[in-house]
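One structure is given here, and the rest of the page talks about it.
The values are calculated or read from the model by the stated rules, or taken from the named source; none is laboratory data. Worth saying up front: this structure is predicted, and the values here are computed from it rather than measured. We place every Cβ from the backbone using ideal geometry, glycine too, and count neighbours over all the protein chains shown. In case anyone asks, the SASA skips ligands and DNA or RNA and just uses the protein heavy atoms, side chains included. Shrake-Rupley method; radii C 1.70, N 1.55, O 1.52, S 1.80 Å.
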Amino acid sequence: MSMRQSKRKLPPRELKPLVEKAKIYRKVLDDSTIEVLIHLINTRVVKSIDYPIASGKESVVFRATALDKRGKEIFRAVKVFRYETSGFQKKMYEYIRDDKRFEGVRKTIRPLVQAWARKEFANLKLASGAGVNVPEPFKCEKNVLVMEFLGEEGIPFALLNEVVLENPRKMLEKILENMETMYSAGLVHGDLSQYNILACGEEPYFIDLGQGVLSEHPRAEEFLERDVRNILAYFGKQGIKKDFNETLAVIKGSQNNQIYVVKTEF
């Protein structure tokens, strides 16, 4: 990878392991993305970028180390959205084009990916402010999102589909409660399943909110119904049956006319 940096902007020692991993993540860590990561380190948003902890079709998530207000080392999650998203570009635009928060976004790849990062940041702000179990977002810079690290002792929580639950019924109820809270705040996850819920004991945490839409979105009801079906189908295989229509009614019944307004700064 070519890194044309002035001496003033040379990557610090903490970034060297990341640059080495760029051989593997070449499509993720292009020059402009590395410049963003360097900026986050130089401005002390994070102290170091440690190593990748998750990879998907649209992004790679790294564990990072940061310092709290007392100077103690803590962990953060740094999500880097791929500019090389192949076929996912069309799907991105379908979720963004009818979102009034992002009117006028161009369909070309870089503006679209950066809008997608801002959209996840805004959705996390909205959900977090409403009390939904999601990672708290801290910073969005171009195609990079810095947020709360969900895990213990530097090890991320496992995905729901990777764990054996002691009380799956309790987990289901917690998931539905969070869906209800999210919907009451005027937001629908849009792609909820066992693959984007982290499990901490019997406590669920929703992740990957980039495709989340406001309840006024023309396809919000369709996405909500799909989310409910996905969750009920997963727990149905574990012998826990719930009526779809009743479950959907409970989630939708909690919505009020006041939508949370959360100021977002990118």
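Within the group Ala66, Ala130, Ala77, which residue is touching a strand residue (DSSP E or B) at 6+ places or on another chain (Cβ under 6 Å), surrounded by fewer than 22 Cβ atoms within 10 Å (Cβ to Cβ) and of a type in the set (Gly, Ala, Ser)?
Values: Ala130 fails: touching a strand residue (DSSP E or B) at 6+ places or on another chain (Cβ under 6 Å); Ala77 fails: surrounded by fewer than 22 Cβ atoms within 10 Å (Cβ to Cβ).
Every option except Ala66 fails the conditions.
Conditions tested, residue by residue: (1) more than 16 Å from Arg76 (Cβ to Cβ); (2) touching a residue at least 40 places away in the same chain (Cβ under 8 Å); (3) hydroxyl-bearing (Ser, Thr, Tyr).
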{"residue": "Gln114", "(1), (2), (3)": "yes, no, no"}
{"residue": "Arg118", "(1), (2), (3)": "yes, yes, no"}
{"residue": "Ala130", "(1), (2), (3)": "yes, yes, no"}
{"residue": "Glu153", "(1), (2), (3)": "no, no, no"}
{"residue": "Val164", "(1), (2), (3)": "yes, no, no"}
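Filtering the stretch 211-237 to residues that are β-branched (Val, Ile, Thr) and over 22 Å from Ile96 (Cα atoms) leaves only Ile231. Do we have Lys72 as over 18 Å from the mean Cα position of the chain (by Cα), over 25 Å from Ala185 (Cβ atoms), free of Cβ contacts under 8 Å to residues at least 60 places away in the same chain and open to solvent by 40 Å² or more (accessible area, probe 1.4 Å) here? Answer is yes for this residue. Filtering Arg101, Arg169, Arg118 for residues that are over 15 Å from the mean Cα position of the chain (by Cα) and farther than 25 Å from Val250 by Cα leaves a single hit, Arg101. If the condition is being open to solvent by 10 Å² or more (accessible area, probe 1.4 Å) and outside any strand (DSSP E or B), then the stretch 135-146 contributes Glu136, Lys142.
Per-residue answers, yes or no, for (1) open to solvent by less than 50 Å² (accessible area, probe 1.4 Å); (2) part of a helix (DSSP H, G or I); (3) of a type in the set (Ser, Thr, Tyr); (4) at pLDDT 90 or above:
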site	(1), (2), (3), (4)
Arg229	no, yes, no, yes
Gln238	no, no, no, yes
Lys241	no, no, no, yes
Asn256	no, no, no, no
Thr264	yes, no, yes, no
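Go through the stretch 1-120 and tell me which helices (runs of 4 or more DSSP H), entirely inside it, have 1 or more residues that are over 28 Å from Val213 (Cα atoms) and modelled with pLDDT under 80.
Values: elements: 16-21, 31-42, 88-96.
Per the criteria, 16-21.
Scan the stretch 87-103 for residues that are free of Cβ contacts under 8 Å to residues at least 12 places away in the same chain and either at positive phi or open to solvent by 70 Å² or more (accessible area, probe 1.4 Å) (or both) and the total you get is 3. The set of residues in the stretch 107-122 that are in contact with a strand residue (DSSP E or B) (Cβ under 6 Å, 6 or more places away or on another chain) and open to solvent by 10 Å² or more (accessible area, probe 1.4 Å) contains only Arg118. Give the residues of the stretch 154-177 that are open to solvent by less than 20 Å² (accessible area, probe 1.4 Å) and within 18 Å of Ile240 (Cα to Cα), sorted by residue number. Those that are open to solvent by less than 20 Å² (accessible area, probe 1.4 Å) and within 18 Å of Ile240 (Cα to Cα): Leu160, Met171, Leu172, Ile175, Leu176.
Of all the criteria given as (1) over 30 Å from His39 (Cβ atoms); (2) open to solvent by 50 Å² or more (accessible area, probe 1.4 Å); (3) out of contact with any Asp or Glu (no Cβ under 7 Å at 6 or more places or on another chain); (4) of a type outside the set (Lys, Arg), the one not satisfied by Ser184 is (2). Residues of the stretch 146-159 include at least one that is modelled with pLDDT of 95 or more and under 22 Å from Leu224 (Cα atoms).
Taking the stretch 243-254 on its own, how many of its residues are open to solvent by less than 40 Å² (accessible area, probe 1.4 Å) and either within 15 Å of Met182 (Cα to Cα) or of a type in the set (Val, Ile, Thr) (or both)? Give the steps one after another, and end with the answer.
Here is the first cut: in the stretch 243-254, the ones open to solvent by less than 40 Å² (accessible area, probe 1.4 Å) are 244, 247-248, 251, 254.
Among the residues that remain, those that are also either within 15 Å of Met182 (Cα to Cα) or of a type in the set (Val, Ile, Thr) (or both) are: 247-248, 251, 254.
Residues in the stretch 243-254 being open to solvent by less than 40 Å² (accessible area, probe 1.4 Å) and either within 15 Å of Met182 (Cα to Cα) or of a type in the set (Val, Ile, Thr) (or both): 4 in total.
The number of residues in the stretch 200-227 that are of a type outside the set (A, V, I, L, M, F, W, C) and in a loop (DSSP other than H, G, I, E, B) comes to 11.
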